[in-house]
Amino acid sequence: MSTRTELAYGTVQNYVNGKWVEPSEEGMDVLNPATGEAIASVGFSSEEDVDAAVRAGQEAFEKWRRRPVEERIQPLFELKQLLEDHQEELAELLVQEHGKTLAEARGELRRGIENVEVACGIPTLMQAGHVENAAPGIDETAVRQPLGVFAAVTPFNFPGMIPMWFLPYAVASGNSFILKPSEQDPLVPQRMFELIEAAGFPEGVVQLVNGSVDTVDAILEHDGVEGVSFVGSTPVARTIYEKAANNGKRVQAQGGAKNHVIVTETADLEFAAEKTVGSALACSGERCLANDVAVVEESVYEEFVDLVVQESEKQVVGSGLDEETTVGPLITEEHEERVRNYVETGVQEGAELILDGRDVEVPEYPNGNFLGPCLFRDMTADMVIAREEIFGPVLGLMPASDIDEAIDILNSSDYGNAASLFTGRGADARKFRHDAEAGNLAVNAGTAAPMAFFHFGGEKQSFFGDLHAQAEDVVRFYTDETVYIERWPDS
Ligand code: NAD
């Protein structure tokens with residue numbers, strides 16, 4: 001590991017019970033994916049570190065849940081403004097530890113802020129139901145009540161947004177909350193916690209615990225944790241779901257994805273090509289909403305392939321800090337190697353690689369994890385590259401005879417996170433909405449990303465649980481609906 005003095009951002013700290021403390025165990029370096037340089041180091045939290053956070057959270061919860069709801073949202077209004085004021089600084093930090101472009105980082109932070117805004121509406125979001133005269137002389141009410149300490153374990157690809165799918169709602173509804181961010185890019189979460197501290201939450205209500213697998217296990221095994229929100233890859237999501245349930249905890253676990261875009265012969269093909277390429281290549285393909293399989297009606301297949309090639313050739317690979325860059329580096333050297341192996345697998349399987357980004361050179365950044373856009377045509381649904389999540393700048397195209405066959409191909413996937421349809425026919429759109437098996441659907445839009453006031457969640461192997469992230473769904477996850485029956489015989 002690099003020594004502390006060499007590191008631009010020093011050692012990442014935990015935020016526990018209102019104090020900044022170093023995690024007890026040695027961890028790893030945080031690398032800039034464009035330069036390969038270590039910019040910080042992050043320690044991993046031990047069982048004792050987790051225990052300290054859970055105990056502080058339990059103590060804080062007893063007072064916090066009694067605060068009037070209007071008081072509980074005041075720090076969130078502060079936080080919203082602080083995040084706005086520091087958005088540019090956060091975006092630059094995000095690019096340095098993650099690699100995505102500045103425009104992508106700004107967009108990510110915007111969605112994070114929107115979640116804070118929506119959680120400020122908790123006085124309405126927490127309302128349940130009331131029925132007068134449910135039985136003779138009896139009124140019946142449902143009350144949403146907080147439960148205690150919740151934790152969220154989040155992935156590397158949106159360090160500034162995904163924690164906000166959970167944190168503001170958990171605390172606004174009266175719980176205390178612990179975030180365990182990805183160890184690969186923990187600097188933005190740490191900076192956001194400095195802003196959280198400035199926003200004025202009481203000690204122990206919102207805490208940050210850094211770490212990796214053992215830290216997550218300590219969270220899952222702690223009796224004081226009521227529930228866990230998870231976002232990450234499917235194998236880990238399944239494990240978290242099983243372990244949390246075994247330990248009697250609430251759990252919502254969002255997993256990986258393999259998303260399809262369908263293009264019919266009535267679509268505006270130029271528009272569809274631009275949006276399809278944007279969806280597949282944004283954030284270098286490291287998005288759970290990236291559509292990286294395009295299923296195209298055969299009557300327009302050749303024309304669409306040509307348009308997608310033209311669009312992909314316009315992309316600029318480079319450091320995310322350069323404003324003209326559209327495809328930044330991949331998160332780590334290992335991940336770059338993994339994506340390159342998928343490209344090789346596609347070639348071996350017989351798909352035709354019509355754009356090969358493997359030789360891309362970015363002279364100013366010789367040690368970055370760069371891979372240029374890779375395009376396959378004539379992929380078939382049974383190929384590994386059509387079935388497994390690649391999480392890189394790779395798009396595969398295949399023909400289908402009509403929309404029915406295209407939807408069958410989409411539905412044959414093990415995953416069900418998102419899908420898009422480009423068409424000029426309302427009947428196609430209706431069929432797609434009815435039959436496509438994915439949690440987020442878009443028509444004539446490249447990426448099916450729900451706003452913060454709708455829930456976010458997939459189906460099949462992309463999600464384990466029932467209540468999703470964001471908005472009312474996550475408020476229901478963070479509360480128990482107590483039913484209260486009342487009779488006054490003299491009334
Ligand atoms: P990951 O599963 O490797 O890690 C996610 C988190 O889990 C991290 O905080 C990590 O420290 C922790 N973790 C890793 N292995 C663990 C284990 N064995 N036990 C306990 N904890 C463990 O995911 P990643 O590489 O950080 O993120 C990319 C993945 O996340 C992709 O598969 C992507 O599709 C998925 N993702 C899904 C959504 C969604 O909404 N469905 C959103 C974003 C990302």
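Here are a few things to note about the model shown:
- Of the helices (runs of 4 or more DSSP H) lying entirely inside the stretch 34-94, those carrying at least 3 residues that are in the same structural domain as S173 (by TED's automatic domain parsing) and hydrophobic (A, V, I, L, M, F, W, C) are 47-64, 74-85.
- Helices (runs of 4 or more DSSP H) enclosed by the stretch 166-267 - at least 3 residues per element that are assigned by TED's automatic domain parsing to the domain that holds S45 and surrounded by fewer than 24 Cβ atoms within 10 Å (Cβ to Cβ): 187-199, 213-221, 234-246
- Residue list for the stretch 155-178, restricted to those being of a type in the set (F, W, Y) and within 12 Å of the ligand (Cβ to nearest atom): F156, F158, W165, F166
- The condition (being buried (at least 24 other Cβ atoms within 10 Å of the Cβ) and either modelled with pLDDT of 95 or more or touching a His at 6+ places or on another chain (Cβ under 7 Å) (or both)) is satisfied by just one residue among T124, T101, T141: T101.
- Among (1) within 19 Å of P33 (Cβ to Cβ); (2) away from the ligand (no atom under 16 Å from the Cβ); (3) at pLDDT 95 or above - the single one E303 does not satisfy: (1)
- Test: residue in the stretch 190-203 that is within 9 Å of the ligand (Cβ to nearest atom) and either small (G, A, S) or under 30 Å from A429 (Cα atoms) (or both): no
- Among residues of the stretch 452-491 being charged (D, E, K, R) and part of a loop (DSSP other than H, G, I, E, B), the one that is surrounded by the fewest Cβ atoms within 10 Å (Cβ to Cβ) is D490.
- Residue in the stretch 427-442 that is over 25 Å from E117 (Cβ atoms), within 16 Å of the ligand (Cβ to nearest atom), touching a residue at least 12 places away in the same chain (Cβ under 8 Å) and crowded, with 22+ Cβ neighbours inside 10 Å present: yes
- Residue check, S412 away from the ligand (no atom under 16 Å from the Cβ), among the small types (G, A, S) and closer than 22 Å to P235 by Cα: yes
The values are calculated or read from the model by the stated rules, or taken from the named source; none is laboratory data. These figures come from a predicted structure and were not determined experimentally. Neighbour counts run over all protein chains shown; Cβ positions are idealised from the backbone, glycine included.
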